[in-house]
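Taking it in order: structure first as structure tokens, then the write-up.
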Amino acid sequence: MASNNLAFINFEKNIKSVDELINLYKIIGQQLPLLEEQSSEILRAIIVLSVSHLDNFLHDYYRTEIVEAYLGIGDFNVKFEKIKISIKGMAEIDSSASIQEKRNYLTNELRKIQKTDSYQSGKSIENLFITLNIKNVWTQLEKTGVQGLKANDIKIELANIIDRRNKISHESDWDFINQKKYPIYLNDILYVVDFIKNLVKGINQIK
């Protein structure tokens, strides 16, 4: 289980922006039905934001667990040999006068490393948990419970969501064959948001 709930608390704050967009879309549908096509862009934004919040959660979660393990108070047996920190960074950490100072220095070093990292694919999530010495993360998530899905189905659902997010972000969700945007529906979006919320809850419970 997560050493502390910092990453999860941050995620719950961030995901509220998605809930607000869902409510905005519903209001537009009720009061301005002629704007249905235009308001569909809100649904596309929700997918992009939801995946972004998942990615941010995983950054926070991974970084926090490494720091807590280094300080000897974490819940995971982290494989520190997989983490490449500069000698300058290690010198600053070792010379720190307090636990909090060590935590701050190490957190900043890990932020530098994570600048180019993205946790938006099954493989990247697997690698993250391998560093935390957790094998078969999808089986672990099946145990914690993600919409009652089996391990492989969790991985497939995430891949489908990431694929749609990439179509929206990199191709404007454009169907090149039919020369129009792919259809998008509120019920599908509600499922995506619920899946991501449950996935994050499941990750936060992995032991």
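Scan (1) under 30 Å from ILE42 (Cα atoms); (2) without any contact (Cβ under 8 Å) to a residue 60 or more places away in the chain; (3) assigned to a helix (DSSP H, G or I); (4) touching a Lys or Arg at 6+ places or on another chain (Cβ under 9 Å) for the single condition ILE156 breaks and write down its number. Tallying (1) under 30 Å from ILE42 (Cα atoms); (2) without any contact (Cβ under 8 Å) to a residue 60 or more places away in the chain; (3) assigned to a helix (DSSP H, G or I); (4) touching a Lys or Arg at 6+ places or on another chain (Cβ under 9 Å), ILE156 fails exactly one: (4). Selection within the stretch 30-48: residues that are under 23 Å from LYS167 (Cβ atoms) and either among the polar types (S, T, N, Q) or touching an Asp or Glu at 6+ places or on another chain (Cβ under 7 Å) (or both). The member of this set that is surrounded by the most Cβ atoms within 10 Å (Cβ to Cβ) is ARG44. Look at the stretch 89-136 and say how many of its residues are assigned to a helix (DSSP H, G or I), exposed (fewer than 13 other Cβ atoms within 10 Å of the Cβ) and modelled with pLDDT under 85. Summing the residues that are assigned to a helix (DSSP H, G or I), exposed (fewer than 13 other Cβ atoms within 10 Å of the Cβ) and modelled with pLDDT under 85 in the stretch 89-136 gives 1.
The set of residues in the stretch 161-199 that are among the β-branched types (Val, Ile, Thr) and more than 21 Å from the chain's Cα centre (by Cα) comprises ILE177, ILE184.
Scanning the stretch 49-58 for residues being of a type outside the set (Asp, Glu) and surrounded by fewer than 20 Cβ atoms within 10 Å (Cβ to Cβ) gives a total of 3.
Before we move on, is THR144 hydroxyl-bearing (Ser, Thr, Tyr) and surrounded by 14 or more Cβ atoms within 10 Å (Cβ to Cβ)?
Numbers: hydroxyl-bearing (Ser, Thr, Tyr): yes; surrounded by 14 or more Cβ atoms within 10 Å (Cβ to Cβ): yes.
In short, yes.
Among residues of the stretch 11-31 that are farther than 19 Å from SER52 by Cα and among the β-branched types (Val, Ile, Thr), those with a beta-carbon under 6 Å from a residue that is modelled with pLDDT under 95 and surrounded by 14 or more Cβ atoms within 10 Å (Cβ to Cβ) at least six positions away or on a different chain give the pairs ILE28/SER39.
When each of ILE22, ILE27 is tested for being hydrophobic (A, V, I, L, M, F, W, C), loosely packed, with under 15 Cβ neighbours inside 10 Å and closer than 30 Å to TYR182 by Cα, the lone residue that passes is ILE27.
The values are calculated or read from the model by the stated rules, or taken from the named source; none is laboratory data. As the structure is a computational prediction, the values presented were derived from the model and not from experiment. FYI the Cβ positions are ideal-geometry reconstructions off the backbone, even for glycines, and counts take in every protein chain you see.
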